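J.: Quick one: the structure is below, and I'll ask about it shortly.
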Amino acid sequence: MSDGSRKATDADLSAEAIRAALTTRFVGRNLVYLPETDSTNTKARRLARQGAPEGTLVIADYQTAGRGRFNRRWLAPPGSSLLLSLIFRPPLAPHQAQRLTMLCGLALLEAIETETGLRADLKWPNDVVLAGRKVAGILTELSLRGATVDYAVVGVGLNVNLDPARLPADLLTPATALSHEAGRRVDRLSLLGAFLQAVEQRYLALRAGWSPREEWARRLVTLGRRVVISEGERTFDGLAEGVDADGALLVRLDDGRLRKVLAGDVTLRPPERLQSSRLRRFAATFAPVRRKGG
Ligand code: ATP
Ligand code: BTN
């Protein structure tokens with residue numbers, strides 16, 4: 001299948017082109033476009049600390065130190081992907097912040113479907129999958145002010161026009177790209193415009209009291225499956241039965257107890273991956289990036 005990947009950076013992403021493609025009121029209106037950076041999440045955190053407004057978009061064509069949860073690497077050849085971070089100042093308690101990951105995941109599904117006709121799904125807690133392979137990941141990082149969220153940075157890496165064979169073969173979850181699944185090159189600008197529009201609509205709804213839980217649960221491939229959870233050195237398995245309003249996974253253990261699993265604490269593998277996941281050690285995802293005033 002043709003994947004439309006290019007060797008050089010696409011000419012289609014630039015601050016001017018992105019501004020022209022925006023249909024939003026505030027998401028992306030404060031825009032930082034970088035041909036190359038270490039990590040858009042790192043840049044966005046710095047800008048948020050300096051007071052950047054809600055909706056600020058940091059987007060790069062290439063990252064030298066892109067990261068996922070637990071400081072794992074996010075890899076993407078230049079010009080191949082959407083690599084971006086959004087700053088939010090949500091009226092949420094820290095334990096509710098996974099709702100931002102949830103709404104951005106749903107916005108990704110919507111944008112992918114609009115732009116390619118492909119129906120992607122979600123894998124708990126922060127992946128987007130197509131044909132059983134990972135096409136996008138979301139990394140949400142928080143800064144707390146006392147018991148509330150001062151700001152949240154939601155980072156998204158979406159494989160658009162790339163040959164999955166160019167990614168390392170030992171990724172934890174096998175990867176794919178939109179171009180690979182669609183059999184054609186996909187326009188990153190329209191995709192970005194559709195995504196930001198969907199984020200804004202859902203974020204405004206969230207601020208007005210909407211909960212992403214139901215829609216998110218419907219698109220989670222994880223539910224109804226047996227899962228193995230790795231928490232530090234410990235692992236346990238059970239049946240993924242549901243999710244709560246804050247995106248915690250409800251796992252029915254074999255002894256009949258229901259265990260609530262927080263996204264920040266664990267990695268999830270299908271049962272056949274137990275052996276490799278048992279060997280891994282992990283830190284917490286939602287570790288506050290900075291504390292102010294308590
Ligand atoms: P996984 O996505 O592997 O199931 P996870 O959701 O816990 O696990 P993170 O902990 O955020 O993922 O780590 C990011 C992981 O994404 C890396 O460990 C790596 O396996 C994978 N990865 C890195 N770059 C890409 C990419 N371009 N496409 C798909 N997966 C990638
Ligand atoms: C995951 O796979 O679980 C999360 C991956 C998030 C990667 C994106 S790429 C843009 C932003 N900047 C980063 O350093 N990470 C996120």
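J.: What number, rounded to the nearest 500 deg cm²/dmol, is the helix-based mean residue ellipticity at 222 nm of the chain, given -39500 (n - 2.57) per DSSP H run of at least four residues and division by all its residues?
T.: Working: 7 runs with 72 residues, N = 294.
After summing the helix terms and dividing by the residues of the chain, the value is -7500 deg cm²/dmol.
J.: Straight distance only, please: which aspartates and glutamates reach the Cα of K134 with their own Cα at less than 17 Å, same-chain residues fewer than 8 apart left out?
T.: D3, E110, E113, D121, D163, D170, E181
J.: Next up: Can you classify the chain as rounded, prolate or oblate using the Cα gyration tensor, where a ≥ b ≥ c are the square roots of its eigenvalues, rounded means a/c under 1.5, and otherwise it's prolate if a/b beats b/c and oblate if not?
T.: Working: a/c = 1.57, a/b = 1.19, b/c = 1.32.
In terms of gyration-tensor shape, oblate.
J.: What order, most packed first, do the peptides 140-146, 97-103 have when packing is the mean number of other Cβ atoms within 10 Å of each residue?
T.: Values: 140-146: 19.7, 97-103: 25.7.
Top to bottom by mean Cβ count within 10 Å: 97-103, 140-146.
J.: Let me know the charge dipole size of the chain about its Cα centre in debye, to the nearest 20, where only the beta-carbon of Lys, Arg (+1) and Asp, Glu (-1) is charged. Walk me through the numbers on the way to the answer.
T.: Numbers: 44 positive and 32 negative charges, 155 e Å.
Dipole size: approximately 740 debye.
J.: With a length cut of 15 Å (Cα positions projected on each helix's long axis) and a Kyte-Doolittle mean of at least -1.0, go through the chain and give me the DSSP H helices that pass.
T.: 98-116, 188-207
J.: Would you list, by chain and number, the aspartates and glutamates whose Cα falls below 17 Å from the Cα of K43, excluding same-chain residues fewer than 8 positions away?
T.: K43 reaches E54, D61, E141, D150.
J.: Subtract the Cα-Cα distance of L31 and A245 from 0.36 nm times their separation in residues, and report this length gain in nm to one decimal. Please report the intermediate quantities before stating the final value.
T.: Values: separation 214, 0.36 × 214 = 77.04 nm, distance 3.11 nm.
So the extension gain works out to 73.9 nm.
Quick note: the coordinates plus some simple rules give every number you see, no bench work behind them. Just so it is clear, the model here is predicted, and its values are computed rather than measured. All Cβ positions, even for glycine, are placed from backbone atoms using ideal geometry, and neighbour counts span all protein chains on display.
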